[in-house]
Structures are given as structure tokens and as C-alpha cells.
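Any read-out appearing in this document is the output of simple, stated calculations on the displayed coordinates, not a laboratory observation. Since we're looking at a predicted model, the values are computed, not measured.
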Amino acid sequence: MSWSRNAEADEATRMMHGKYLLQTSLDEKDEENIWTYYNVIWTVEETFKTLKSDLDIRPVYHKTDDASKAHLNLAVLAFWVVSTTKYMLKKKGINVR
């Protein structure tokens, strides 16, 4: 076995280390707004994933549209509760991710 260092790839990796690269279709020029949008989307997805895993409500097989809508409404309500709780904790100086 032998190996050799790819200096070009190593330099590219070093230049990107610790940095996020986001690709978006938004017509937004302000980088801080894009970063904020990204974090909101990440928080929503992470909260839903945690709620569904902790509550063990996966997989979901709905037989009617009403059942699908009810599931979505419950997920949104649960997200709202989590978001409100995080906000209230943050106001008290307790930071949670």
C-alpha cells in the first residue's frame, strides 16, 4: 500500500474548515438573513425529528386526508410549544439549542 498527499485537495479542505457554504434559490442578498433562514429551517426540522422520535409516532400511515391534516396540526402545535419554551428560557438567560 502506498499513499501520497494531494496538496490541492488538502489546501481546499483547509480553506473551508470551520465555514458553512449554503446554496440557496432565495433572491436574498444579505448573508445574515440567509443564515437566519437556514437556522430557522434547521430548527424546525430538528424539532420535528426529535418530537417524532421521542413520541415514537413514526412511521405514519394515514388513511384519510383529515388524519393527515390532524397529524400535521399536532406537529405544528408541538413545534410551537417547543419554540415558545425555548424563547421563554432564553429570556431567563438559559440558552438551549
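Roughly speaking, what is the stretch gain from Ile41 to Leu89, that is 0.36 nm per residue apart minus the C-alpha to C-alpha distance, in nm to one decimal?
Difference between extended and current length: 15.2 nm.
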Of the candidate values (i) 13.2; (ii) 13.7; (iii) 17.6, the one computed for Kirkwood radius over Cα pairs in Å from this structure is (iii)
